[in-house]
1. In percent, how large is the relative contact order of the stretch 29-162, given Cα pairs closer than 8 Å and 6 or more residues apart?
2. Neighbour counts of other C-beta atoms within 10 Å: give me 142, 35 arranged from fewest to most.
3. Limiting things to C-alpha atoms, what are the Rg and the maximum Cα-Cα separation (Dmax) for the stretch 29-162, in angstroms?
4. Roughly what % of DSSP beta bridges within the stretch 34-112 run antiparallel, to the nearest 5?
5. What nm distance separates the two modelled labels at residue 50 and residue 91, each placed 7 Å from Cα along Cα→Cβ?
């Protein structure tokens, strides 16, 4: 008869190996810091925002990692070539975010509020991806509280001014 310890040891070893391999495949901090973002302007309803544009794989992967703060009149917009179920996660974030997914017509398809960062090794191993319920082309990240402060709803509209 197998004891609990005998059953848990192989599972624990497998979990450690998977975690180590996962952490080793992440880009180094120096590579992440070298990513530069073009800037643009958007409006959500009548609220103008200056945004950093994440429109390539390296920019989308880097996102807002390691950034200390994001003023309420700024954000990051993730731009994808075609509609899809694009998930985001809070790896190496320093503050909580609100996220809004928009379709190609600028209509809100999904909203997530007050998503906490994943900064420590323990948090990173449990850090979950946020997966939208509908396909989107744009994802906007803003400082937590932006959605409530500006009454953003499923009826809000994204207008691209310059990106």
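1. Once divided by the residue count of the stretch 29-162, the mean separation gives 30 percent.
2. 35, 142
3. Computed over the Cα atoms of the stretch 29-162, radius of gyration and Dmax are 13.8, 40 Å.
4. 65
5. 2.9
Laboratory data are not the source of any read-out in this text; all were calculated from the coordinates shown. Given the structure is predicted, the values throughout are model-derived calculations rather than measurements. Positions of Cβ are generated from backbone atoms using ideal geometry, with glycine treated the same way; all protein chains shown enter the neighbour counts.
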